[in-house]
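The values are calculated or read from the model by the stated rules, or taken from the named source; none is laboratory data. Quantities reported herein were computed from a predicted structural model and do not represent experimental measurements. So basically every Cβ, Gly included, is an ideal-geometry build from the backbone, and we count neighbours across all protein chains shown.
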Amino acid sequence: MNIALSAIDRTESATNVPVLRRFFSFPVMLASLLAMLGVLTVRQRFDDPDMWWHLKTGEVIWTTHTIPTTDLFSYTTNHHAWIPHEWLSQVLIYGAYRWGGYSGLMFWLCFFTAALLIAGYTLCSLYSGNSKVALMGALAIWLFGTVGFAVRPHMIGYLLLIIELLLLHLGHTHDRHWFLGLPLLFAIWVNCHGSFFFGFLLLGLFLFCSFFSFQIGLLLSKRWEIRCRRLLIFAFFLSAAALFLNPGGMKQVLYPLNTMFFQPINLSEIAEWKPLQWDGRGMSLLVVLVSIFLLLILRQSKLFLHEMLMLILGTWLALSHERMEFVFGILIAPTLARLLTPVWDSYDVEKDHPWPNAVLITISVLTLSLAFPNRQQLVKQVNNSNPVKAVEFIRSHHLTGHMLNSYRFGGYLIWALPEHPVFIDGRADLFEWAGVLGDFSKWATLQNDPNTLLEKYKVDFCLLERESPMVHVLRVLNGWKVIYSDDLSVIFARQAP
């Protein structure tokens with residue numbers, strides 16, 4: 001990672017600059033604008049269907065002081081073995097709710113979104129040696145991160161991915177003892193989100209590149225100093241051991257592999273796991289790749305071996321699964337910032353303008369406070385995307401028996417209607433292991449007789465999305481009748497013969 005050392009020598013250290021001048025500096029102003037951008041992006045995103053089952057799992061762990069080992073929320077899995085591998089993130093999510101209700105959850109989302117963007121900006125600034133052009137790297141993280149900004153554990157996982165890149169960069173270019181933070185990082189990460197696996201691959205990638213020194217055209221690699229490499233090897237093995245500090249043992253360590261290679265229905269049927277869509281973000285990915293190629297060719301810039309491998313890994317992940325655009329943005333941001341460094345002169349603290357910076361920081365802070373949604377706005381978002389009224393109907397009319405629910409409603413029902421175990425929810429891995437996901441997929445896409453599934457699981461009533469194709473089928477299916485309907489959902493009940 002010997003990159004632009006001359007640029008690093010021009011780093012924005014300002015040890016002799018007054019504190020207020022440093023506080024109202026250009027980098028701080030950019031960080032405040034990124035925080036504002038993050039909040040404005042997520043203020044209307046209080047609608048992720050998976051948030052609810054994460055929240056409920058966190059509540060179970062918080063109140064029982066134990067981590068579940070079997071499914072507690074569904075009647076179709078027959079208490080299949082299941083350990084929440086994201087338990088630590090789920091506890092933090094529930095802690096936010098316990099502290100501030102819906103507002104606490106929105107604060108959680110705003111905090112981690114802003115933290116991701118600011119940490120990404122810091123990484124790009126240190127890596128490129130230019131805190132101005134680092135903004136472009138942070139914006140790349142924001143753009144591709146819009147695929148996944150939500151109250152979900154991956155927000156913590158991807159923040160830890162950026163922190164790993166920071167530790168690797170600081171350990172190589174400043175003080176090798178930064179590497180000793182990696183084992184602690186992985187001990188936390190493995191209990192927060194499955195992205196730890198990509199992080200460990202990344203650690204191995206940097207270790208691999210540290211052994212080589214060559215230049216082939218524009219591709220460059222420099223062998224690391226021996227003491228630096230030895231400490232990284234030590235940190236690598238300690239980090240590998242730290243992965244086993246989890247409640248699931250080896251199964252939790254291998255869980256990401258199970259997801260990627262042994263859950264075909266999950267990967268083919270769940271939208272976020274499908275290949276990249278050539279929409280705005282998809283085309284932006286292509287533009288970024290072409291821009292990096294042109295910067296290399298036209299400016300004869302060098303591409304480091306680890307950068308090339310990160311670029312390949314990030315692109316493959318994003319092309320394979322739409323949700324991995326988030327990872328792509330993080331992996332390519334530092335390289336993009338470094339290649340763009342000649343485009344914009346480096347930041348000079350002596351030429352800074354603290355008063356305009358202070359004005360923009362103040363505007364950012366005011367915008368943050370004004371843009372944060374109040375409880376009424378959050379309740380409205382919940383009502384607009386979840387079967388709130390249908391749940392009230394089920395309770396008020398004392399519906400009993402087995403419920404079949406739409407996939408998207410499952411998480412909310414776990415949280416809002418715990419007395420009725422769900423048929424299915426966003427834990428697609430669990431339902432694929434139990435065989436339920438395959439049955440439900442065929443039923444929801446009209447691939448077999450709808451009565452087959454209804455009889456197999458002895459369904460008494462169905463809560464479906466109004467736009468579901470099965471709504472039209474159940475309307476004409478003998479023995480079923482609509483007993484409730486609103487703009488979002490429909491309830492069918494089995495009629496006595």
Under 9 Å between Cβ atoms, at least 6 apart or on separate chains: pull out the pairs that start in region 72-89 with a residue that is under 15 Å from Ile424 (Cβ atoms) and end on any residue that is outside any strand (DSSP E or B) and of a type in the set (S, T, N, Q).
-> Leu72/Thr57; Phe73/Thr57; Trp82/Thr69
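For region 317-326, state whether one or more residues are within 20 Å of Ile216 (Cβ to Cβ) and basic (Lys, Arg). Don't jump to the end; show me each part of the working.
Initially, region 317-326 is screened for residues within 20 Å of Ile216 (Cβ to Cβ), giving none.
Within region 317-326, none of the residues are within 20 Å of Ile216 (Cβ to Cβ) and basic (Lys, Arg).
Can you pull out the residues in region 441-467 that are touching a strand residue (DSSP E or B) at 6+ places or on another chain (Cβ under 8 Å) and surrounded by 13 or more Cβ atoms within 10 Å (Cβ to Cβ)? Spell out the reasoning first.
Residues of region 441-467 touching a strand residue (DSSP E or B) at 6+ places or on another chain (Cβ under 8 Å): 453-454, 457-466.
Scanning region 441-467 gives Leu453, Leu454, Tyr457, Val459, Asp460, Phe461, Cys462, Leu463, Leu464, Glu465, Arg466.
Yes/no per residue for (1) free of Cβ contacts under 8 Å to residues at least 24 places away in the same chain; (2) part of a helix (DSSP H, G or I); (3) crowded, with 24+ Cβ neighbours inside 10 Å; (4) in contact with a strand residue (DSSP E or B) (Cβ under 8 Å, 6 or more places away or on another chain):
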position	(1), (2), (3), (4)
Gly148	no, no, no, no
Arg152	no, no, no, no
Met155	no, yes, yes, no
Leu170	no, yes, no, no
His177	no, yes, no, no
Leu180	no, yes, no, no
Leu184	no, yes, no, no
Leu203	no, yes, no, no
Phe212	no, no, no, yes
Does Glu350 meet the test of being modelled with pLDDT under 95, closer than 27 Å to Leu33 by Cα and in a helix (DSSP H, G or I)?
-> yes
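Hey, can you tell me all the residues within region 285-306 that are of a type in the set (Val, Ile, Thr) and either outside any helix (DSSP H, G or I) or touching a Ser or Thr at 6+ places or on another chain (Cβ under 9 Å) (or both)? Walk me through it before giving the result.
Applying the first criterion (of a type in the set (Val, Ile, Thr)) to region 285-306 yields 287-288, 290, 292, 297.
Passing the criteria: only Ile292.
Taking helices (runs of 4 or more DSSP H) that do not extend beyond region 362-460, which have at least 3 residues that are more than 30 Å from Pro256 (Cα to Cα)? Give the derivation first.
Values: elements: 375-385, 388-396, 410-416, 428-433, 436-444, 450-456.
Of the helices (runs of 4 or more DSSP H) lying wholly inside region 362-460, those with at least 3 residues that are more than 30 Å from Pro256 (Cα to Cα) span 375-385, 388-396, 450-456.
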Output the number of residues of region 226-273 satisfying the condition of being among the small types (Gly, Ala, Ser) and over 16 Å from Phe197 (Cβ atoms).
-> 3
Among all residue pairs at least 6 apart or on different chains, which show Cβ distances below 6 Å where the first residue, located in region 94-105, is touching a residue at least 12 places away in the same chain (Cβ under 8 Å) and the second is surrounded by 15 or more Cβ atoms within 10 Å (Cβ to Cβ) and not in a helix (DSSP H, G or I)?
-> Leu105/Val151
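Would you mind finding the one in Leu309, Leu238 that is assigned to a helix (DSSP H, G or I), touching a Phe, Trp or Tyr at 6+ places or on another chain (Cβ under 9 Å) and more than 21 Å from Gly120 (Cα to Cα)?
Values: Leu309 fails: more than 21 Å from Gly120 (Cα to Cα).
Leu238 is the lone residue from the list that is assigned to a helix (DSSP H, G or I), touching a Phe, Trp or Tyr at 6+ places or on another chain (Cβ under 9 Å) and more than 21 Å from Gly120 (Cα to Cα).
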Of the residues in region 290-349, those that are under 23 Å from Leu203 (Cα atoms), among the aliphatic types (A, V, I, L, M), without any contact (Cβ under 8 Å) to a residue 12 or more places away in the chain and surrounded by fewer than 16 Cβ atoms within 10 Å (Cβ to Cβ) number 1
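Out of everything in region 241-284 that is in a helix (DSSP H, G or I) and β-branched (Val, Ile, Thr), what residue ends up being farthest from the chain's Cα centre (by Cα)?
Filtering region 241-284 down to residues in a helix (DSSP H, G or I) leaves 241-242, 250-261, 264-269, 271-273, 280-284.
Narrowing further to those that are β-branched (Val, Ile, Thr): 253, 259, 265.
Values: Val253: 18, Thr259: 15, Ile265: 21 Å.
Among them, the one singled out is Ile265.
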Is there any pair with a first residue in region 221-250 that is without any contact (Cβ under 8 Å) to a residue 24 or more places away in the chain and a second that is among the aromatic types (Phe, Trp, Tyr) and outside any helix (DSSP H, G or I) whose Cβ atoms are under 7 Å apart and which are 6 or more apart or on different chains, and what are they?
-> Arg223/Phe211; Arg223/Phe212
